[in-house]
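To keep things clear, I will list the structure first and then write my remarks on it.
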Amino acid sequence: MITEPSPSLVNDPADFASRLTAAEDWTGAALEAQQEGLWALTGTEHRILADVVAATNPLHGGHLPPHDDESVYMRLGRIRNWAGVLRLAARAGGWELHPVVGTDPSSLTRPIGMADLLSGIYALAEQGERWQQLMLAIIADLNATARKQPSQQRQDLDQALAEREPCFVEDLATTECFFTGPGSLEDLPLFFY
């Protein structure tokens, strides 16, 4: 089972694009399999999906993404929470999360199921953990610089993130749209009947 976030602090734009594609493809394939009758969720699977959504409640007050009027801490926290909740959901259901980035769901030789859905979502949720690691490293660097040069004007976190990860703002907004808002994973149980 995938249990630890990737230690890499580098957010390669190609890596993010691959994660987003995997999340969209695997989630779409799971929804399609369910709608075509190839996968009927069990009572346990329905309850676990409902619990996933409850545990990842974005508490955004109904505002549509991107949530750029909020701190980056809040925004990343929402996304990062999905990764931990998905690991717990997989454990609760006895499923194993597996790497899906770079893999086409149509290549499966078995029917798609809950482990595949959770793994697809996890591909993007894990990005939130990577971003949080990056944010914490940047904060540590900013604090160290402030201690060494107290008279120097301190760079704010948003500027430092944009400097280190030029696509961060756009990628974060894209990720928020995947997880929150109408028709997003926030409505996940509604897609499965």
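The values are calculated or read from the model by the stated rules, or taken from the named source; none is laboratory data. Computed from a predicted model, the values in this text were never measured in an experiment. Ideal geometry is used to build each Cβ from the backbone, glycine not excepted, and the neighbour counts take in all protein chains shown. These accessible areas exclude ligands, DNA and RNA; they are computed on the full protein's heavy atoms, side chains included. Shrake-Rupley method; radii C 1.70, N 1.55, O 1.52, S 1.80 Å.
So, with +1 on the Cβ of K and R and -1 on the Cβ of D and E, and no other charges, what is the size of the charge dipole of the chain about its Cα centre, to the nearest 20 debye?
Magnitude of the dipole: close to 680 debye.
Nearest 10 degrees is fine. How inclined is helix 114-148 to the longest principal axis of the chain, computing both from alpha carbons?
10
Given (i) 65, 34, 26; (ii) 217, 31, 28; (iii) 51, 43, 32 as candidate values of Cα extents along the principal axes in Å, which corresponds to the one derived from the coordinates?
(i)
Where the centre of each part is set by its Cα atoms, how far does segment 8-73 sit from segment 88-108, in angstrom?
Each part reduced to its Cα centre gives a spacing of 13 Å.
Quick one: order Val85, Val101 from most to least accessible surface, probe 1.4 Å. Mind dumping the intermediate values first?
Details: Val85 25, Val101 65 Å².
From most accessible down to least: Val101, Val85.
How much accessible area per residue does the chain have, counting only protein heavy atoms and a probe of 1.4 Å, in square angstrom?
Ligands and nucleic acids excluded, the result is 51 Å² per residue.
Sorted by accessible area with a 1.4 angstrom probe, largest first, how do Ser151, Ser71, Ser106 fall?
Working: Ser151 115, Ser71 55, Ser106 95 Å².
Result, largest first: Ser151, Ser106, Ser71.
At 222 nm, what value in deg cm²/dmol follows for the chain if DSSP H runs of at least 4 each add -39500 (n - 2.57) and the sum is divided by all its residues, to the nearest 500?
Numbers: 7 runs with 117 residues, N = 193.
Result for the chain: -20500 deg cm²/dmol, rounded to the nearest 500.
For segment 69-149, what is the charge dipole size about the Cα centre, in debye to the nearest 20, if Lys and Arg each add +1 at the Cβ and Asp and Glu each add -1 at the Cβ? Write down the numbers at each step before the final one.
Numbers: 9 positive and 8 negative charges, 59 e Å.
I would put it at about 280 debye.
Ignoring ligands, DNA and RNA, what percent of the 1.4 Å accessible area of segment 41-193 is carbon and sulfur? Please report the intermediate quantities before stating the final value.
Working: 4240 of 7740 Å².
It is 55 percent, rounded to a whole number.
Report the paramagnetic label zone for Asp158: residues of segment 63-93 whose backbone N is under 12 Å from a point 7 Å from Cα along the Cα-to-Cβ axis.
67-73
How do Asp25, Asp158 rank by accessible surface area computed with a 1.4 Å probe, from largest to smallest?
Details: Asp25 70, Asp158 95 Å².
I get Asp158, Asp25, largest accessible area first.
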